[in-house]
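Following: one structure in structure tokens, then a few remarks.
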Amino acid sequence: MSNKMWGGRFSTAPAAIMEEINASIEFDKRLGPQDVRGSLAHVDMLVATGIVADADGAAIADGLRAIAADIDAGRFTVSRALEDIHMNVEAELAQRIGPAAGRLHTARSRNDQVATDMRLWVRDTVDALDAQLAALQRALAGRALEFAAAVMPGFTHLQSAQPVTLGHHLLAYVEMFGRDRGRLADARRRMNECPLGAAALAGTSFPIDRARTAAALGFDRPTANSLDSVSDRDFALETLAAASICAVHLSRFAEEIVLWATPQFGFVRLSDAFSTGSSIMPQKRNPDAAELVRGKAGRVVGALTALLIVMKGLPLTYSKDMQEDKEGTFDALHTLSLCLAAMTGMVDDLTPDLDAMRRAAGSGYATATDLADWLVRALGLPFREAHHVTGRLVGLAAEARIGLEDLTLAQMQTVEPRITAAVFEVLGVDRSVESRTSHGGTAPVNVTREARRWLAALAPAGAAGPGEAAADA
């Protein structure tokens, strides 16, 4: 009596623990739609090349479409005994149409089948992530336009450095997420080759038409080397690398929201929709959505690290280790999608305290660089000397516990006699940001122009493909 999965070579069933460690159906069942799509393209090619008779091909295609409908409706049941989604679909097909189902696996292997399914799933997910990133960019650019002139402190070393605007700060993340879209688009372009037809590892002796199958599945071309086709997981690694960088960007922004929402900063407020309370401290408003986005970045980066380690010692071609590509990839990209949705919601939800940000923008002698620049322009001092003079003036103000703008002209002239009353024109935070008109600077006129440019580039009506809007903007 032969084993029901492996045929005559195996006469008994696997040990229970072998079945437990070997089965992947609990997680790879989500590849069901992609598996059926691949099988439909494969059987179409088999019929077109005369490898499978028209009648058998039609029965297989009809059965697969019925299975696809059940998968979409949540009616498709799977069996752990059949190990994976591929065997479950094939077994169900046999139940529905009989022996003709056995012809579906002609000229292919589960090795090229799963490689194709995974590429299809990752490609579909990249497209969805791109749309989410574009939505987040639109939300950020819209708020940036709204607050193009809202002054806030810019930081280095988390110390007040120079005044910037909230709009400029938000546009920094628009740029970051644009690069994330570009990385995902690059990964998509490289993954868009079809492994189906590489079979187990060496190709097949059947006269298949791999270009037809690739085109039917929306791939640019078939993969060029059968060994590489079944052993490659670069497409998952590259997508996870792009996802990890994106998760880090989300985490950095989430950290800023956490800081800004504290009473000590008081820059923004999140509504009840994105906050939680405390079971013991009734006064608390915790920015848990932001904290969770920050924390979940570790899951995404962890999935990349795990798959790199799985792949690092594998000889060509397929090894069962590669089954470990799925759970981490599924979880990481789902997690990133959840974080993008949460961050987009928080961007739309947060309410800035413009007065608090403005007060903070003037603290810490944030206009000292403006003073040094004025000394260079007005008095012709070398910058290093102007830097030294400004430092002494800051020290004078700090000793008196007042702002630079509160020093009298006479006090300033004790440090540099040539200073005139015109110096006070550069010491306000509004004048400071207005003066930063260099390309990429924080001047409100710049921020307004950049926000509008991004909003135009990101307009849904443009129907740009993944990364195209980011590249055009």
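The values are calculated or read from the model by the stated rules, or taken from the named source; none is laboratory data. Treat the numbers as computed from the prediction; the structure is a model and nothing was measured. Neighbour counts run over all protein chains shown; Cβ positions are idealised from the backbone, glycine included. Side chains included, ligands, DNA and RNA excluded: accessible areas come from the protein's heavy atoms. Shrake-Rupley method; radii C 1.70, N 1.55, O 1.52, S 1.80 Å.
Annotations for the structure displayed:
- Only one of A172, A139, A131, A135 that is closer than 15 Å to P444 by Cα and either within 25 Å of the chain's Cα centre (by Cα) or not in a helix (DSSP H, G or I) (or both): A172
- Selection count, segment 41-55, where residues are in a helix (DSSP H, G or I) and either surrounded by 20 or more Cβ atoms within 10 Å (Cβ to Cβ) or of a type in the set (S, T, Y) (or both): 5
- Residue that is surrounded by the fewest Cβ atoms within 10 Å (Cβ to Cβ), among those in segment 352-387 that are touching a residue at least 12 places away in the same chain (Cβ under 8 Å) and β-branched (V, I, T): T369
- Which numbered condition A66 misses (of (1) closer than 25 Å to E26 by Cβ; (2) out of contact with any helix residue (DSSP H, G or I) (no Cβ under 7 Å at 6 or more places or on another chain)): (2)
- Cβ separations smaller than 6 Å between residues 6+ apart or across chains give the following pairs from segment 200-211 residues that are hydroxyl-bearing (S, T, Y) and assigned to a loop (DSSP other than H, G, I, E, B) to residues that are modelled with pLDDT of 95 or more and surrounded by 15 or more Cβ atoms within 10 Å (Cβ to Cβ): T204/A107.
- The set of residues in segment 414-453 that are among the β-branched types (V, I, T), assigned to a loop (DSSP other than H, G, I, E, B) and under 30 Å from the mean Cα position of the chain (by Cα) contains only T442.
- Residues (surrounded by fewer than 14 Cβ atoms within 10 Å (Cβ to Cβ) and touching a helix residue (DSSP H, G or I) at 6+ places or on another chain (Cβ under 6 Å)) located in segment 401-424: L409, R418, A421
- Candidates are the residues of segment 243-264 that are at pLDDT 95 or above and open to solvent by 50 Å² or more (accessible area, probe 1.4 Å); the one that is nearest to D127 (Cα to Cα) is I245.
- Residue ID - surrounded by the most Cβ atoms within 10 Å (Cβ to Cβ), chosen from residues in segment 75-99 that are in contact (Cβ under 8 Å) with a residue 12 or more places away in the chain and not in a helix (DSSP H, G or I): D84
- Failed item, numbered, when L136 is tested on (1) in contact (Cβ under 8 Å) with a residue 40 or more places away in the chain; (2) at positive phi: (2)
- Test: residue in segment 100-113 that is closer than 28 Å to A61 by Cβ, in contact with a His (Cβ under 8 Å, 6 or more places away or on another chain), part of a helix (DSSP H, G or I) and free of Cβ contacts under 8 Å to residues at least 60 places away in the same chain: yes
- Taken as a whole, the structure leaves L316 outside the set of residues that are among the hydrophobic types (A, V, I, L, M, F, W, C), in a helix (DSSP H, G or I), open to solvent by 60 Å² or more (accessible area, probe 1.4 Å) and farther than 30 Å from F274 by Cα.
- Across segment 362-386, the number of residues qualifying as among the charged types (D, E, K, R) and more than 29 Å from A150 (Cβ to Cβ) comes to 2.
- Conditions (1) in contact (Cβ under 8 Å) with a residue 12 or more places away in the chain; (2) farther than 25 Å from D84 by Cα; (3) open to solvent by 20 Å² or more (accessible area, probe 1.4 Å); number of the one not met by M343: (3)
- Looking only at residues in segment 219-242 that are open to solvent by less than 10 Å² (accessible area, probe 1.4 Å) and assigned to a helix (DSSP H, G or I), the one that is nearest to T305 (Cα to Cα) is L240.
- The set of residues in segment 272-303 that are at pLDDT 95 or above and surrounded by fewer than 18 Cβ atoms within 10 Å (Cβ to Cβ) comprises E291, L292, G295, G298, R299, G302.
- Just so you know, in segment 425-454 the residues that are open to solvent by less than 80 Å² (accessible area, probe 1.4 Å) and touching a Leu at 6+ places or on another chain (Cβ under 8 Å) include one that is nearest to G167 (Cα to Cα), and it is V447.
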